[in-house]
Amino acid sequence: MEKKLIDDCFYVEQKRYGMWGSADKDGKSLITSLTEEECVRATRFYLKGVQEGFDTPVKVYDSNVSRK
C-alpha cells in the first residue's frame, strides 16, 4: 500500500483490516486509527505536543477512601 507524505514531516498508510497508521520520516510508528482523516488529525496533535510539551493534567478527583 502506498504511503502519503503529510505536512512534509510524517507518513500515513492504510494497514491490514482497513486500519490507518502513521510513521515519522525515520519509519517510527506513531498513531493507529480507523480512518485516514483521524490518523492525520491525531498525528498532528501528538507531534505538536511533542514539540511544544504536553499540558500537565488537572487533578479532577481525590481517590482517598475513609473508613468509619
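Short-range pairs are left out: with C-alpha atoms under 8 Å and at least six residues apart, the relative contact order of the chain is 18 percent. Summary: within the chain, the longest segment free of chymotrypsin sites (Phe, Trp or Tyr not before Pro) located in DSSP loops with at most 12 other C-beta atoms within 10 Å is 1-53.
Compared with the dominant Cα axis of the chain, that is its longest principal axis, helix 36-52 is turned about 60°. The amide H of K15, built 1.01 Å from its N in the peptide plane, has W20, G21 as neighbours under 5 Å, considering only residues 5 or more places off or on other chains. Each of T32, T56, T43 was scored by other Cβ atoms within 10 Å of its Cβ. Listed from fewest to most, they are T56, T32, T43. Need one number: the % of Cα-Cα pairs in the chain sitting beyond the 13 Å mark. Considering the chain, 68 percent of its Cα-Cα pairs are separated by more than 13 Å.
Values in this text are rule-based calculations from the coordinates and carry no lab data. In this text, all values refer to a predicted model and were calculated from it rather than measured experimentally. Note: ideal-geometry Cβ built from the backbone for every residue, glycine included; neighbour counts use all protein chains shown.
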